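Bear in mind these aren't lab numbers, they're just calculated from the coordinates by the rules spelled out. Note that the structure is a prediction, hence the values are computed from the model and not measured. When we count neighbours, we look across all protein chains shown, and the Cβ atoms used for this are built from the backbone with ideal geometry, even at glycine.
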Amino acid sequence: MTPIPKPDIQTAVEALRDREEYAAILQFIHDEREKFFGDFRQAESSNDVMKLAGSISTLDELLSVLA
């Protein structure tokens, strides 16, 4: 029996792109990214700034793959 190949991320994204739930997930990621930008104002140390920058960078990467 030949195994069915698993789809790669781009194939999976294309299959889900038109779903309402997919749009909700993208919106959530975008909203969280914007929240982190707002948190820069409350950052008290360079370590806080680095954590926020890392979080934003991670969400940017997710959005670039998923959008």
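Summarising the label geometry, the points placed 7 Å from Cα in the beta-carbon direction at Val13 and Lys51 lie 2.9 nm from one another.
A simple spin-label model places the labels of Gln42 and Leu63 2.0 nm from each other, with each point 7 Å out along Cα-to-Cβ. Near Gln27: Cβ cut-off under 11 Å, other residues only, Lys/Arg at +1 and Asp/Glu at -1. The net charge is -4. With K and R counted +1 and D and E -1, the other residues having a Cβ less than 12 Å from that of Val49 yield a net charge of -1.
Along region 37-51 the Karplus relation, 6.51 cos²θ - 1.76 cosθ + 1.60 evaluated at θ = phi - 60°, assigns HN-Hα couplings of 4, x, 5, 4, 5, 9, 5, 9, 8, 5, 5, 4, 4, 5, 5 Hz to successive residues, with x for each Gly and Pro.
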